[in-house]
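Enquirer: If you scroll down you'll find the structure; I have some questions about it.
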Amino acid sequence: MGTLYYVACRDCKVTRELDKFYDLTPVENKKEAIELSERLDTYRASLLVSFMAEHSGHNCTVFSEHSEKLVNELDPDFNDEMKLDGNYW
């Protein structure tokens, strides 16, 4: 099923939906990073990387649909100050 992830820039008050990641786990070394890269969807990863490039140096946060506090703060559906980033479509 996967978990829906978002990335938000608190400085610009914009949130981008990253869709569902099925295997988003931390890695401890290069070998584990390479193994994880073989399982990641490059489309979703590129949405994250491009957002981070656009908001370089800003206060950005990645969060999931299960992070209730962050969803209430950063998801445009729950906070009128935030807007959804749709420029990448």
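Laboratory data are not the source of any read-out in this text; all were calculated from the coordinates shown. Only a predicted model underlies this, so the values are computations on that prediction, with no experimental measurement involved. Positions of Cβ are backbone-derived with ideal geometry, glycine not excepted, and every protein chain shown enters the neighbour counts.
Enquirer: Considering the chain, which cysteines have no disulfide-compatible partner, defined as another cysteine with its Cβ under 4.7 Å away?
Expert: C60
Enquirer: Sticking with this structure for a sec: State, to one decimal in nm², a quarter of the convex hull surface area for the C-alpha atoms of the chain, i.e. the direction-averaged projected area.
Expert: Mean shadow area of the hull around the Cα atoms is 6.3 nm².
Enquirer: Net charge near F78: determine it from the other residues with C-beta under 15 Å of the C-beta of F78, scoring Lys and Arg +1 and Asp and Glu -1.
Expert: Result for the neighbourhood of F78: -4.
Enquirer: Using a Förster distance of 22 Å, how high is the FRET efficiency between S46 and T3, based on the Cβ-Cβ distance and rounded to 0.05?
Expert: The formula returns an efficiency of 0.75 here.
Enquirer: Measure nothing but the geometry: give the 0 to 90° angle between the long axis through the Cα atoms of 42-54 and the longest principal axis through the Cα atoms of the chain, rounded to 10°.
Expert: Taking Cα atoms only, the helix is inclined about 50 degrees.
Enquirer: Using the structure shown, list the pairs from K30/K83; K20/K83; K13/K69 with a Cα-Cα distance above 24 Å, or answer none.
Expert: Pairs exceeding 24 Å: K30/K83.
Enquirer: Can you classify segment 49-89 as rounded, prolate or oblate using the Cα gyration tensor, where a ≥ b ≥ c are the square roots of its eigenvalues, rounded means a/c under 1.5, and otherwise it's prolate if a/b beats b/c and oblate if not?
Expert: Prolate, because a/c is 1.5 or more and a/b exceeds b/c.
Enquirer: Lys and Arg at +1, Asp and Glu at -1: add these up for the other residues within a Cβ distance under 15 Å of S50 and post the number.
Expert: Once positives and negatives cancel, what remains is -3.
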